[in-house]
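Heads up, the thing below is written out as structure tokens.
All of the numbers you see were taken from the coordinates with simple rules; none came from a lab. As the structure is a computational prediction, the values presented were derived from the model and not from experiment. Neighbour counts run over all protein chains shown; Cβ positions are idealised from the backbone, glycine included.
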Amino acid sequence: MTMKLEFPLLGLLAARSMTGYDIARWTRVEGKFSGLDRHPSQIYRLLSRMETEGWVSHVVDPRSTAPDAKVYSVTDAGFARLLRWVHSVYSPPRRFQDPEFIGRLRIAAMVDLPRALQLLEEELEARRRQVAENRGRDRGEDHLSEAARPEIDVHALALFADELNAYGEAAIDQWISWLERMHDVITQQLAQRAEQGATEQGTIEQGAAPSKSGSSERTGR
């Protein structure tokens, strides 16, 4: 699944205004861990198109010792587009740790925590089902009694296949463990916010309610 680069960029600019150079540096350093490493020329072309579409705008930051810089920010239209993407249907692909999921989760966490929790639940369900369907499957093609050609080392083939399979199982187990931990973290955050909201609402209601003595004085009792 290929994620459009415009959405991570809109997410970056929704959090803080940045120059094109700052964005290119982020994609080069941080983006490489989530499949977003891009050449600077691609970043600048995309920023220009996004500005034409009305999703971002820029102001010029004068520099005394360097060329003036364009500082980009997300417009209301751009933020609305970002929210539509975050809330659009997510279909987990066969490959886990997909860049689109990571991008959606990152942005959902900062704009809509319940949506982030929903994304985690959808991804968890898909990966648990993937493990249930594939763990312990017949792997006879990796364990041959003899090969079609005498040059093939069937013992080395089996050893490599077993190690690779063990690595894959450990990787998806670790991914599921991280998803479960994030699910717990966000669930706790939502519970704390709900409790805080209830406390604040109770305080407001107490402050708005007239006291009995004040009520008696106003009625002449």
remark   = Counting Lys and Arg as +1 and Asp and Glu as -1 over every other residue whose Cβ sits under 12 Å from the Cβ of residue 105, the net charge comes to -3
inquiry  = Can you give me the distance in nm between label points at residue 51 and residue 19, each placed 7 Å from the Cα along the Cα-to-Cβ direction?
reply    = 1.4
note = Counted neighbours (other Cβ, 10 Å), sorted fewest up, put 199, 27, 187 in the order 199, 187, 27
inquiry  = Over the chain, with a Gaussian network built from C-alpha contacts below 10 Å, which listed residue (21, 44, 167) shows the highest mean-square fluctuation?
reply    = 167
query = Roughly speaking, what is the stretch gain from residue 125 to residue 193, that is 0.36 nm per residue apart minus the C-alpha to C-alpha distance, in nm to one decimal?
reply = 21.9 nm
ask   = For the chain, what is one quarter of the convex hull surface built on the Cα atoms, given in nm²?
value = 23.5
ask   = Given H placed 1.01 Å from N in the peptide plane, which residues other than close sequence neighbours of residue 69 have an amide H under 5 Å from its amide H?
value = 61, 63
task = Within the set of other residues whose C-beta is less than 15 Å from the C-beta of residue 78, count the net charge using Lys and Arg as +1 and Asp and Glu as -1.
result = +1
task = Using just the alpha carbons, could you tell me how many Å³ per residue the convex hull of segment 6-87 encloses?
result = 93
request  = Please turn the phi angles of segment 18-29 into ³J(HN,Hα) values with the Karplus equation 6.51 cos²θ - 1.76 cosθ + 1.60 (θ = phi - 60°), one per residue in order, whole Hz, x for glycine and proline.
outcome  = 9, 7, x, 5, 4, 5, 4, 5, 5, 5, 6, 8
Inter-part distance where segment 107-130 and segment 38-98 are each reduced to a Cα centre, Å = 23
note = Quick calc: nm separation of the 7 Å Cα→Cβ label points for residue 174 and residue 65 -> 4.3
